[in-house]
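Any read-out appearing in this document is the output of simple, stated calculations on the displayed coordinates, not a laboratory observation. Predicted, not measured: the structure shown is a model, and the values here were computed from it. Quick reminder, even Gly has a Cβ in these numbers, built from the backbone with ideal geometry, and neighbours come from all protein chains shown.
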Amino acid sequence: MPIAFLLLNVRPGKEEEVLSLLRSIPEVKEAQRVYGVYDTVVKVEADSMEGLKQVVNNRVKKIENITSVVSLIVMH
């Protein structure tokens, strides 16, 4: 099962709104606000690599107020 960790930057003041939207995506298994260079860390799991790409590119990256995404695909 492909897994990715996403490191997100979010517009100031919109962190909770983005977190709520992320958590509504079934493939998002965990989403947490963090302090540091990034604002949010997200764990995404999908049935296939194509499914993982679809979630990241067509669901997560299209959420308004996310300003950048770094994707880390777990190697098995």
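Tabulated data for the structure shown
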| item | result |
| --- | --- |
| The stretch 1-31, subset assigned to a helix (DSSP H, G or I) and among the hydrophobic types (A, V, I, L, M, F, W, C), residue nearest to ASN57 (Cα to Cα) | LEU22 |
| Those residues of the stretch 1-21 which are surrounded by fewer than 12 Cβ atoms within 10 Å (Cβ to Cβ) and under 21 Å from ILE73 (Cβ atoms), in sequence order | MET1 |
| Exclusive hit being crowded, with 16+ Cβ neighbours inside 10 Å and in contact with an Asp or Glu (Cβ under 7 Å, 6 or more places away or on another chain), set VAL41, VAL55 | VAL55 |
| Close pairs from the stretch 9-37: first under 14 Å from THR67 (Cα atoms), partner basic (Lys, Arg), Cβ under 8 Å, at least 6 apart | GLU15/ARG33; LEU19/ARG33 |
| Test: residue in the stretch 22-38 that is exposed (fewer than 11 other Cβ atoms within 10 Å of the Cβ) and of a type in the set (Phe, Trp, Tyr) | yes |
